Amino acid sequence: MNTEEYLERFKAVPPLQIDLSSLSRLQYLHITHIPFENLDVIHQIPITLNIENLYCKVVKQQRGGFCYELNGLFQQLLDQLGFNSYLIAGTVYAGDGKWAKEESHAAIIVELDKPYLVDVGFGDSFRQPIPLSGEIATDISGSYRIIEESQGVYLLQRKRGGEEWQIQHRFTCSPRSLTSFNDACRYNETSPDSPFTKEILVTIATEKGRDTLSGDTLTITNGQNKMKKHISKDQLEQVLKKHFKIDAKSVYHNKTLCFDK
C-alpha cells in the first residue's frame, strides 16, 4: 500500500505527531472524501477482504465501500503512520429491541492517552474519535458517547436535538483480523436479510451535512435543511459522479447500473 497515494485520495498529509488532533483530522477528511457505498453488492460483484484488493478499489479506482473495506484499509493506514490501532467487531442496533447479525460491523480502536473508537465505515455517524470513557463528543451529525454496558461490552450512543440517547451499536475491544470478517461480509453482500442487498446506498459526509442516494432518492442535508429528489436511471451515473466522485463507467465497463437487485 502506497501511504502517500492513499493520503492524497482524501486530501490528507502525513501527521507531524501521533496524537488526537492528527487522528481527528484524518478521520474527518476520510469521511468527507470517501463515500460509504454498496454498489458492488447491488451489482453482485464479489468483495474480497485483502488489503491489495481494497487499496485498488478505494484508492486506484476512486471508489468507496462498506465497513470491512473502509475501516479495514484505514486501520492499515493508521498502523503505517505510527498509530497503535486494531480492528474490532460490533453489533448494530436495528431498533425495536432487535439487533443485526452478531459482530458483523468492523470498526477501529486507537490507543492514545486512552482508547478511542474510530469509524470511517458506518455511514451517517460520528466525525471524530470517541473516547471509551463516557465523554460526550458533538459534531454536525449529533452528540455521541460511549458507555460500558457490562464488563468489557460498550454501547455507542447518539442524541440529536431533544431526543433521548439512541444506541448505534455495541462492541468489545477484542482485536480482530480483517479476514475474521469474511463470513460477516459474505452475509452482508448476499443475504436477503442484509440491509445492503436491497437497493443502492451511497452516502458521504459534507462540511454542512450529508449527501445520500438511497434507491432512486437523492437526499441532500445542509444544516437543518433537507432536500429530496427522485433520480431516474438515466441520471444515476451523473449523480454518482457529481455528489460522490464515483466514475461508474470506469468501474462497471459493460454492466448496466441499477438501483436494486
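What follows is calculated from the coordinates using simple rules that are stated; it is not laboratory data. Since the model is a prediction, treat every value here as computed from it, not as a measurement. Methodologically, a virtual Cβ is constructed for each residue, glycine included, from the backbone with ideal geometry; neighbour enumeration extends over all protein chains shown.
Determine the relative contact order of the range 3-190: mean sequence separation of Cα pairs under 8 Å and six or more apart, normalised by residue count, in whole percent.
Relative contact order of the range 3-190: 19 percent.
Label 7 Å along Cα→Cβ of ASP79; the range 35-64 residues with amide nitrogen under 20 Å?
Output list for this probe position: 48-60.
Taking 0.36 nm per intervening residue step and subtracting the Cα-Cα distance, what contour gain separates ASP124 from VAL153 on full extension?
Length difference between fully extended and current span is 8.2 nm.
Among ASN225, ASN182, ASN53, determine the one that fluctuates most according to a GNM of the chain built with springs between C-alpha atoms less than 10 Å apart.
ASN225
Give, in nm to one decimal, the length gained when the segment between LYS60 and GLU111 is fully stretched (0.36 nm per residue of separation minus the Cα-Cα distance).
So the chain would gain 15.4 nm between LYS60 and GLU111.
Could you pull out every whole DSSP H run in the chain that spans at least 18 Å of Cα extent along its own axis and averages -1.0 or higher on the Kyte-Doolittle scale?
In the chain, the long hydrophobic H runs are 20-33, 67-81.
Based solely on C-alpha atoms, express the radius of gyration and the Dmax of the chain in angstrom.
Computed over the Cα atoms of the chain, radius of gyration and Dmax are 17.5, 52 Å.
Determine the shape class of the range 82-192: with a ≥ b ≥ c the square roots of the Cα gyration tensor eigenvalues, call it rounded for a/c under 1.5, and otherwise prolate if a/b is greater than b/c, oblate otherwise.
Because a/c hits 1.5 or more and a/b fails to exceed b/c, the range 82-192 counts as oblate.
Using 0.36 nm per residue, how much length does the chain from ASN53 to LYS241 gain when fully extended, once their Cα-Cα distance is taken away?
65.5 nm
When a footprinting reagent is the concern and you count Cβ atoms within 10 Å, what order do THR206, THR48 take, fewest first?
The fewest-first ordering by Cβ neighbours comes to THR48, THR206.
Ranked by Cβ crowding within 10 angstrom, fewest neighbours first, how are GLU37, GLU52 ordered?
GLU52, GLU37
Tell me whether the range 201-252 comes out rounded, prolate or oblate; compute the Cα gyration tensor, take square roots of the eigenvalues as a ≥ b ≥ c, and use a/c under 1.5 as the rounded threshold.
Oblate, because a/c is 1.5 or more while a/b does not exceed b/c.
Just check the range 34-129 against the gyration tensor rule for me: Cα atoms, a ≥ b ≥ c as the square roots of the eigenvalues, rounded for a/c under 1.5, and otherwise prolate or oblate depending on whether a/b exceeds b/c.
Oblate, since a/c reaches 1.5 and b/c is not below a/b.
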